[in-house]
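Reviewing the structure listed below.
The values are calculated or read from the model by the stated rules, or taken from the named source; none is laboratory data. Keep in mind that what you see is a predicted model, and the values were worked out from it rather than measured. Neighbour counts are summed over all protein chains in view; Cβ atoms, including those assigned to glycine, are modelled from backbone coordinates with ideal geometry. Only protein heavy atoms, including side chains, enter the accessible area calculation; ligands, DNA and RNA are left aside. Shrake-Rupley method; radii C 1.70, N 1.55, O 1.52, S 1.80 Å.
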Amino acid sequence: MRLHIRNGRIVDPTSGKDATGDLYVVDGRISNESGKADRVIDAKGLVVAPGFVDLAVRLREPGFEYRATLESEMAAALAGGVTSLACPPDTDPPLDEPGLVDMLRRRAQALSRARVYPVGALTVKLAGERLTEMAELAEAGCVAFSQANAPLADTQVLWRALQYAGTYGFPVWLRAEDAWLARGGVAHGGEVATRLGLPGIPAFAETIALGTLLELVRATRARLHVCRLSSAGGVELVRAAKREGLPVTCDVAVHHLHLSERDVGYFDANCRLDPPLRSERDRDALARGLEDGTIDCACSDHTPVDDDGKHLPFAEAEPGATGLELLLPLTLKWGEARKLGLAKTLARISAEPARVLGVPSGLAHGAPADIAIFDPAGTLRITAQTLKSQGKHTPFLGYELQGRVRYTLVAGSVVYEA
């Protein structure tokens, strides 16, 4: 299959290229050849960029198919221009055995859509007691190891896990949250939670846990990726750790760049998230941290929740929101607010998460032709009807955002066309 993408604005964050021109795809890879094409895509007025990479996508299989299926969430990924995604291990059963990982990978490959990279469970059943066989899980295809949102309160187990991972060079992806300080909390421990009578999770639940993690990284030199940073204090700790040269990376959920505790309003369950929406000061610190590179990348933290899980009082509602289709428009909105160039903005959802994941990204000759073609001025009204994800709940319902994906290519095949 030969493709000719013509007249597009080619933006490649990896090389820094930002120019109007043509792109050629031959046998699934970017090519310099300009021979006769099987198909021509006219990209005039559109941006041609590397496919987006999302580090936190819950596909809900196995075990939670009533909330979402592999088919529905892969369709949502492609509609959002996401060509590669990592899925956390908090399925049912958790991804703690090679057979489960292999089954998930085969199911994903059979769909011939986005590339799926499973993240294995760090402990058996995510119970925080016994380490999994990380070497076997890595052979089965796991790219990293995590507890997802399950607490790992025993610091000795955590220490042993980082020793094991550090010995073999396995990355460990962890949320920084003290299980005891966060216990029972449903919102940021601040003014809004107090006014609404909601049990709070203080910001220092993150910084105390993060301090422990960084101290263990100093001792073990294990590669740590901090998932879903949510506080100004957390940003400062990571900034200091990077200055020190510790092998640490981190991400932020894209909705935390725009929303704060005030958006909870009068108990809006769509804003029941984990970690919770924090203060405006925290939100602004996260936006600055992503701009200056302290935070490596943004992710959707895609967590489809059904109506039964959301149509409840705020404190009883299930945390989570759909985000795959909002990753691009919300990132563009952040970049515009920070007055950043398009290449630097898109790097936070392409080149940088690809580097963390250890997969290729870019539009250089010979690179895999994973491409997102989007209209930066195209508007997207967020409604339950327009979302392809089976999860219809997001704090941005009713919003009109700019940045509409027109085509998504994986390995040179057009897998989505608006």
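Pick from L290, L257, L330: which is of a type in the set (A, V, I, L, M) and either surrounded by fewer than 19 Cβ atoms within 10 Å (Cβ to Cβ) or out of contact with any Lys or Arg (no Cβ under 8 Å at 6 or more places or on another chain) (or both)?
Step by step, each of L290, L257, L330 is checked, and only L330 is of a type in the set (A, V, I, L, M) and either surrounded by fewer than 19 Cβ atoms within 10 Å (Cβ to Cβ) or out of contact with any Lys or Arg (no Cβ under 8 Å at 6 or more places or on another chain) (or both).
Consider R272 carefully, then state whether it is over 25 Å from Q390 (Cβ atoms) and either open to solvent by 10 Å² or more (accessible area, probe 1.4 Å) or at pLDDT below 95 (or both).
Working: over 25 Å from Q390 (Cβ atoms): no; either open to solvent by 10 Å² or more (accessible area, probe 1.4 Å) or at pLDDT below 95 (or both): yes.
In short, no.
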Handout entry: Test: D375 is outside any loop (DSSP other than H, G, I, E, B), acidic (D, E) and more than 19 Å from C227 (Cα to Cα)
Key = yes
Exercise for the section: Given the conditions (1) out of contact with any strand residue (DSSP E or B) (no Cβ under 9 Å at 6 or more places or on another chain); (2) surrounded by fewer than 17 Cβ atoms within 10 Å (Cβ to Cβ), report the number of the one that G128 does not fulfil. Expected result: (2)
Exercise for the section: Would you check which residues across the stretch 378-418 are free of Cβ contacts under 8 Å to residues at least 12 places away in the same chain and either at positive phi or not in a loop (DSSP other than H, G, I, E, B) (or both) and list them? Expected result: E417
Practice task
Hey, could you check the stretch 102-125 for residues that are assigned to a helix (DSSP H, G or I) and not hydrophobic (A, V, I, L, M, F, W, C) and say which is least open to solvent (accessible area, probe 1.4 Å)?
Solution key: D102
Practice task
Specify the residue that is least open to solvent (accessible area, probe 1.4 Å); the eligible residues are those in the stretch 237-249 that are in a helix (DSSP H, G or I) and in contact (Cβ under 8 Å) with a residue 40 or more places away in the chain.
Solution key: V238
Exercise for the section: Assess whether D263 counts as being buried (at least 19 other Cβ atoms within 10 Å of the Cβ) and either assigned to a helix (DSSP H, G or I) or among the aromatic types (F, W, Y) (or both). Expected result: no
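For the subset of the stretch 363-377 comprising residues that are of a type in the set (G, A, S) and open to solvent by 10 Å² or more (accessible area, probe 1.4 Å), which member is nearest to H302 (Cα to Cα)? Reasoning before the result, please.
Kept after step one, since they are of a type in the set (G, A, S), are these residues of the stretch 363-377: 364, 366-367, 369, 372, 377.
Now restrict to residues that are open to solvent by 10 Å² or more (accessible area, probe 1.4 Å): 364, 366-367, 377.
Working: A364: 29, G366: 31, A367: 27, A377: 24 Å.
So the residue we want is A377.
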